[in-house]
Every structure is written in C-alpha cells, then in structure tokens.
Amino acid sequence: MMKQTATWYYLALLILAGEAVFILPFVLPRIFRPTVLDVFMLDNTQLGLCFSVYGIVAVVSYLFGGPLADKYPPRKLMAIALGMTAAGGMVFATFPSFEVLQVVYGYWGFTTIFLFWAPMIKATRVWGGTASQGKAFGLLDGGRGLTGFLFGLLGVFIFSLFISENVDMASLSERQEAFRYVIYCSSIIITVIGALTWFFMKSGVDEKEILVERISISQIVSVLKLPSVQLLMVIILCAYVGYKITDVLSQYANEVMLYDEVKAAQTGTFLQFLRPTTGILLGLIVDRFRISLVLVFSFVATIIGGFLFASGLIAPSATILFFLSVIIIAIGVYSARALYFAVMQEGRIPLVLTGTAVGLISLVGYTPDIFAGPAYGYLLDSNPGEPGFQNVFWMLTVFSTVGGIAAVIYCIKFRKK
C-alpha cells in the first residue's frame, strides 16, 4: 500500500504549477479578452482559431505525453514544461502576427500537455497515497481555481500600474506596453515556480518505484483494456461537456433573466468563486466516503440543475430559483471535475502506469474542447432566446445522464471486496 508521504508544500507547489502553466495561453486571454483582441489586433474568430490550434496539438500530446510521465520523474517534466511555457511568453510579448501567434499556441499545446498534464495527475496521485485521493484531487482543482483567480487579480494590478487612469483614452501603444509588463511578470513567476518545482517538489517516495524503464505497445494496450480506463473515458467526456456548458450561464443571465452586462458578469464571477470552494470543501471531506459514489451524486446534481433550466421553469422573475439552479449545476460540475481522476486508485489502475492511463483517458475525455463549443453555439444560434438555452441544457442533461450511468457502473464494478 502506498501511504501519503509527501509534504504539504509539495501539494502547494503542485497547485501553483498546475495553474501557472496555463496563465499565458488561457488565464490572461480570459481575464483581458477585450485588451488581448485590441493589442494583438485580432477578431473573435482569429482568437478562437488560436485556441483550436492549441486543441489539435493537445489531443495528440495527450496520447504521446502520457507514457512519458511513467518513464521520467513528474517534477522534472513539469519544471521543464513551465520553463518552456514561460519562454513562449517572450514571443507572446512582442505582439506577433496572427500566423506567428497560431504557432505560439501550438507550441503551448505541446509544452502544457505533452510535458505537463499526465505528470501533474500522476504527481497528485502520488501525494494522495492510498487513503487521500479525494483530498489530493479536490484540493488540486480547488486550489488551481483559487490560484487562477489570484493570478488574475495580480495581472489587473500590474496592468493598472502601467496604464493611464482613463483606460478608454489610452492609445494602442500604451495598452500594448502595459500588457507587455503583465506578460513579462507572468513569465517570470512561471519560471520561478518551475525552478521551485524541480528542486523542492519531492514526494518522499523513491522515484524508481513509480517509474518504468520503457513503455511497450503491449503495456499501452493492456492499460487501454482496463475497464476503469474505458469507463473513465466516458465519465470525463460527459463531465467535461458540463464544464464547457457552464460558460453560457452568464449569457443566460443576460438574455433570459434580462440582467444588464454588469449583473451578468457578476453571475460569471460567482461561478469562478464556486469552483475553488467546491473543490476545497470536497477535498477536506470526500475521503470519508466512497469517491466513486460521490461522483455519482455529482452527476445527479448536474442532471437536476440541467433539467431545471431545460424545463423552462426559470422565468425572469424567478431570481431565487435561477441562483439555486446555478449553484446546483456548479456543485455537480465542479465536483465531478475535482473527482474523476481521484477514482483511479479505486479502479485499480497501476500507479506506475498512471501517466499512460491519463494520456489514453484524456485523448477521449477532453474531446469536448473540439465539439462542445460549436455544438452549443449552433443550438443557441438556431433557436435564439430561451428555446436555444433550453436545448443547450437538454444537451447537458443527456450527457450528464450518460456520465452518471457510467459512474454507477464504475461504483458497482469496483466495490471493495
């Protein structure tokens, strides 16, 4: 049995690294979206195409990067990934052409996934040991959400230092200069976290015990045949569809609840608050229960919340019901997101082959990055207004039902004997 031997600062570095690697490609464009569009002289479609390039490289990287995490120490792969990601920031800060920016995003798809994703999941599993998988993955996801929020605040503060008081009156060159400092500071912080990860994120477990000398095709096939791996492909795909659909809740507040843009944005901010809260609270209590059973209940919550929105019961006057439904969906979606990798121990996936398993699972599980956005975009555009949103939430309900069934099968199949 693998006991939890790693220190708390190991987990702290894991959380910091887990979010820091995504600051440049995702956190900054999410928080500074209007600024990014202006200073890089992009339209929404072009920025979306950059994310698509990232997604295409990421899909390939999931498959080939997974086995790498079983051959080399996760902390070293993560540290190299952080350093290489930060180096990409130096090109990002030059405000390159759209074509070069696509190359940068493809490069980040390689550094953040091929070299980072599976090692991060494996390192988390090592920290959790035999008895604290829920704590490890709950605190990882909740901590990453909180870290992303804090990085956002820091970025806004740095931007405000180098811009005139009236941002609307600032010239393009002034905004570029201010945002360049945000990129530089972010890159420096990412590099420092990378160095700390290399030298100090040591688990207390002999690294030879969690690594293999080489990964053979037969080992990959044997991992692919594991029932737990096949079920997790379905579970994560369905849960991730739910996570992607939460993006429309602030738009629902604006178009159906008739909130102004400020109040609608506050709904989105409320969701960002619920992610770390859910993850951290789950991490503190979930190991007292069967994690796979809690995962089942997370899908049940998502189904209930999805049905409430899809049914048309939430009228503009039903403010309390609206926020209650938002909370139910958020708890369901963020709980599933925090826990789906935490059940690997229960599903008897060998620790030494965790990276390979994560790569194979992610190859299927994260395909919603490719199809979910266009799918719910089509549903919204083809039926403007509340009917379109109802269709989107029926989509959420159907996927959550399928994911819930897979989670029930997982829970029954791997019941402790």
Can you work out the accessible area per residue across region 248-336, with the rest of the protein chains kept in place, probe 1.4 Å, in square angstrom?
-> 45
Here the gain from full extension of Arg214 to Thr319, 0.36 nm per residue of separation minus their alpha-carbon distance, amounts to 32.1 nm
Work out which helices of the chain, taken as complete DSSP H runs, extend at least 20 Å along their axis over the Cα atoms and score a mean Kyte-Doolittle of -1.0 or more, then list them.
-> 44-71, 74-92, 133-161, 172-200, 227-245, 261-285, 291-310, 319-339, 368-382, 386-413
Per DSSP H run of at least 4 residues, take -39500 (n - 2.57); add these up for the chain, divide by its residues and hand me the 222 nm value, nearest 500 deg cm²/dmol.
-> -25000 deg cm²/dmol
From the coordinates shown, Rg and Dmax of the Cα atoms in Å corresponds to which of (i) 23.2, 76; (ii) 21.1, 68; (iii) 22.2, 75 = (ii)
Quick one: among Leu237, Leu324, Leu211, which has the greatest mean-square fluctuation in a GNM of the chain with alpha-carbon springs under 10 angstrom?
-> Leu324
Please report how far the C-alpha centroid of region 140-202 lies from that of region 320-334, rounded to the nearest whole angstrom.
-> 30
For each pair in Lys122/Lys225; Lys76/Lys202; Lys244/Lys413, compute the distance between the two Cα atoms and list the pairs where it is over 22 Å.
-> Lys244/Lys413
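The values are calculated or read from the model by the stated rules, or taken from the named source; none is laboratory data. Note that the structure is a prediction, hence the values are computed from the model and not measured. Only protein heavy atoms, including side chains, enter the accessible area calculation; ligands, DNA and RNA are left aside. Shrake-Rupley method; radii C 1.70, N 1.55, O 1.52, S 1.80 Å.
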